[in-house]
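The values are calculated or read from the model by the stated rules, or taken from the named source; none is laboratory data. Note that the structure is predicted; figures quoted are calculated from it, not measured. Positions of Cβ are backbone-derived with ideal geometry, glycine not excepted, and every protein chain shown enters the neighbour counts. Just so you know, the surface numbers come from the protein's heavy atoms only, side chains and all, with ligands and any DNA or RNA stripped out. Shrake-Rupley method; radii C 1.70, N 1.55, O 1.52, S 1.80 Å.
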Amino acid sequence: AMLGDETAIESVARWVAPAVSPALSTLAEKALRELARRHPVEAQRLAADVDESSDAVVAAAIVIGAMPIAVRGSREADVGFLSTLLTRGEPHVRRIALDALGEIGGALGVEPVTFALADEELEVQLAAVRALGKLAGKTGDARAIERLFDAAGGVQGTELAAAAIRGLGGIADSDVVARLVPLTRSADPELAVAAVDALGRRVEGARLDALVEALGHREAEVVKAALTAL
């Protein structure tokens, strides 16, 4: 990640395949992203023509998510490629594809990412929520915002709900803030902390008032989160 030149891209890419141990592949993902940003021409060559059935799709997805320009001819083609990976059997592949869609998907990425919220694997659901948060923050897409609030309702579990609430924190919209504020008073401390963290990403106006009010929460963890944000 720090010292590699363009010749290191293919070597690192071998270590992000689905069969690689999670600890090693996580390190390789970071390294490949850094290398792709520093050496975009060589990275694009790696990802441009990868077939969807190849183990190299993971490396291709990482490169696509790291690049500020289209890798496979257009952003539509990039999003289409990543969307096909959401049907792959390996949760690791689906999670990587969602991370990339969150980076480059724009409005085109909202539908496939929303589809992934129904995945059977929590790892993939959490990645979908993170991606929706990024897409909603960049585009203000109403569909993405509503899907995040649906997930924040807790039907699919507290961990996913907390992740959805945090994802809403990056959206600069007064209506979103107004809907987040009551969540700081939740009796579930995990959800209340998530709401405080979300509001604390931009401390101003109604967000600031809600953080001050959260100092009176009965749970110490919520109070600590509010103090940290303030």
Within region 103-142, take every residue that is farther than 17 Å from ALA60 by Cα, among the charged types (D, E, K, R) and outside any loop (DSSP other than H, G, I, E, B) and give me the one that is most open to solvent (accessible area, probe 1.4 Å).
GLU111
Residues within region 182-204 that are under 16 Å from GLY170 (Cβ atoms) and over 23 Å from the mean Cα position of the chain (by Cα), tallied
1
Please identify the pairs in which a residue from region 112-134 that is farther than 13 Å from ALA164 by Cβ has its Cβ atom under 6 Å from the Cβ atom of a residue that is in a helix (DSSP H, G or I) and polar (S, T, N, Q), counting only partners at least 6 apart or on another chain.
PRO112/SER83; ASP119/GLN125
Helices (runs of 4 or more DSSP H) contained entirely in region 1-102, each with at least 1 residues that are touching a Gly at 6+ places or on another chain (Cβ under 6 Å) and among the β-branched types (Val, Ile, Thr)
75-85
Would you mind telling me which numbered condition in (1) closer than 28 Å to LEU122 by Cβ; (2) of a type in the set (A, V, I, L, M, F, W, C); (3) open to solvent by 30 Å² or more (accessible area, probe 1.4 Å) LEU3 fails?
(1)
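Sort out which residues of region 107-155 are of a type in the set (D, E, K, R) and touching an Asp or Glu at 6+ places or on another chain (Cβ under 9 Å), and write them in order of number.
Across region 107-155, the qualifying residues are ARG130, LYS134, ARG143.
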When only residues in region 158-173 that are open to solvent by 30 Å² or more (accessible area, probe 1.4 Å) and within 17 Å of THR139 (Cβ to Cβ) count, which is modelled with the lowest pLDDT?
ALA172
Among LEU208, LEU183, which is the only one that is part of a helix (DSSP H, G or I) and in contact with a helix residue (DSSP H, G or I) (Cβ under 8 Å, 6 or more places away or on another chain)?
LEU183
